[in-house]
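Below is one structure, written out as structure tokens; the observations come after it.
All of the numbers you see were taken from the coordinates with simple rules; none came from a lab. Since the model is a prediction, treat every value here as computed from it, not as a measurement. Neighbour counts run over all protein chains shown; Cβ positions are idealised from the backbone, glycine included.
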Amino acid sequence: MNDLPKLYFTMESYLFPMVEEEMGELTAKMKEFLRIVEMIKPSRFMNNALRWCGLGRPMKDREKMLRAFFLKAVYDLPTTKGLIENLNTNPSLRRLCGWEYRGEVPSEATFSRAFGIFAQEKVCDAIHAAVVQENYTEKLVGHASIDSTAIIGREKSCRKNTPKPQVKKKRGRKSKAEKAALAEEEIAEVKTRRLELQPNRTLSENLDDLPRGCDWGGKRDSKGKTSHWCGYKLHLSIADGGVPLAAVLSSASLHDSQAAIPLMQMSSERATVLYDLADSAYDAEEIKTFSEKLGHVPVIDPNPRRGGAIELAPARKVRYRERSTVERGNSDLKDNYGARHIRVKGHWKVLCHLMFGVIAITVKQLFNMIE
């Protein structure tokens, strides 16, 4: 477990002055980047797939490139080409990543290959899980707020990875009313089946069951307006103080309620949560029952479509106000950490790109709580 106050004192008293004496005054972004590197210690996540095995041409140092991708997230750089340009023109940033001279900075193709390996090996998922577990092992999370946000992709929409059930067709042409009824019945059956099965499945089984392909989705905002986009949907569970506990990326068409139970499973493995907060999109008995089964108290805004408007109890209404932390986290990720600059294609690469920003927010918020 990390001793955050001790780490903070060491960095402020020794590390930052030492680096400033060598490189000059550090900006706020440089200090944020150094905190990320010191907390996560990238070298411990360099497995055999990220190291040279001794055969063939030696590969470029993957640890330095991992640092560079965190630098890209902290500075909200839209492209890898822009990252390389900053590394070549700014000696301070280049030295913080571990390269002394311009000629040592890898090419764009090398960065692309390294990013593909990071995504394939799920390095960012492992880093985020380790950071949360190390800092919440002996702590309680008062409120875990759940919500999703739209992620616009740069690829064509594709079919979902959920196969359609084989149904024996009747002879003859169906009317429009019959077609509409069958479509509604099929959608309702898939959603109900997933929510009913999720509580009895493991986390990995639930994650594998979620659709991952890029497709079209729609979401209604607080003003009642519906927006549509082609891409993905990022589901986050954020603790008090704005610290992300868990993140799941799915197809844009997936309903928010389908990712609630996997998020609760992931969060409960990393921290001890007391209250689960969610809006009316998560108003389902299966979700509430599973939250209580984990020992949590679900505080979910009642859906007005379920038998008229029902208000929360006064005490729960006060707790429900804490749910704004997840909305601020979504905005911070989009405005400052690259969630609006998706330049990669494929579920795992998009998730890897987003997780660099999620980890940066996690470290930033952890240090903000002790400042």
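Please report, largest first and rounded to whole Å, the three semi-axes of the ellipsoid equivalent to region 279-371, where each semi-axis is the square root of five times an eigenvalue of the C-alpha gyration tensor.
Numbers: eigenvalues 193, 67, 37 Å².
Calculated on Cα positions only, the semi-axes equal 31, 18, 14 Å.
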Value of [θ]222 nm, deg cm²/dmol, for the chain, DSSP H segments ≥ 4, -39500 (n - 2.57) each, nearest 500: -14500 deg cm²/dmol
Two-decimal log10 I(q)/I(0) for region 4-121, as the Debye equation yields it once each C-alpha is a single scatterer, q = 0.21 Å⁻¹: -1.27
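Tell me, D335, D147 in order of fewest to most beta-carbon neighbours within 10 Å? Don't skip to the end; give the middle numbers.
Working: D335 11, D147 23.
Arranged by neighbour count, lowest to highest, D335, D147 become D335, D147.
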Residue (of L333, I359, W348) at the positive-pole extreme of region 327-366, dipole from beta-carbon charges: W348
Where labels lie 7 Å past Cα in the beta-carbon direction, separation of W216 and L294 in nm: 3.3 nm
Cβ charges +1 (Lys, Arg) and -1 (Asp, Glu), total dipole of the chain, debye: 2060 debye
Residues D215, D240, D3 arranged by fewest to most Cβ contacts within 10 Å: D3, D240, D215
Options L15, N90, G103, ranked by Cα towards positive dipole end of region 4-121, top entry (Cβ charges): G103
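Dipole size in debye (nearest 20) for region 4-121 around its Cα centre, Lys and Arg Cβ +1, Asp and Glu Cβ -1?
Numbers: 18 positive and 15 negative charges, 101 e Å.
The dipole of region 4-121 has a size of about 480 debye.
Based on other C-beta atoms within 10 Å, arrange W348, W216 from fewest to most. Could you put the intermediate results ahead of the total?
Values: W348 17, W216 12.
Starting with the residue having the fewest Cβ neighbours, the order is W216, W348.
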Theoretical FRET efficiency, 1/(1+(r/R0)^6), r = Cβ-Cβ of E285 and A315, R0 25 Å, to 0.05: 0.70
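Obtain the radius of gyration and the Kirkwood radius of the chain from its C-alpha atoms and give Rg over Rh.
1.01
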Full-stretch length increase - R44, F9 - with 0.36 nm per residue and alpha-carbon distance subtracted: 10.3 nm
For region 238-252, 3J(HN,Hα) per residue [Karplus equation, 6.51 cos²θ - 1.76 cosθ + 1.60, θ = phi - 60°, Hz, x = Gly/Pro]: 10, 8, 4, x, x, 8, x, 9, 8, 9, 9, 10, 9, 5, 5
Cα centroid of region 346-371 to Cα centroid of region 106-159, whole Å: 7 Å
Local electrostatic count at G82 - Lys and Arg +1, Asp and Glu -1, tallied over other residues with Cβ under 11 Å: 0
Backbone HN-Hα couplings from phi across region 314-326 [Karplus 6.51/-1.76/1.60, Hz, Gly and Pro as x]: x, 5, 6, 5, 5, 5, 5, 5, 5, 5, 5, 4, 6
Farthest positive-ward along the chain dipole, Cα basis, beta-carbon charges - from G217, S157, V37: S157
C-alpha center-to-center spacing [region 12-29, region 221-252] in angstrom: 36 Å
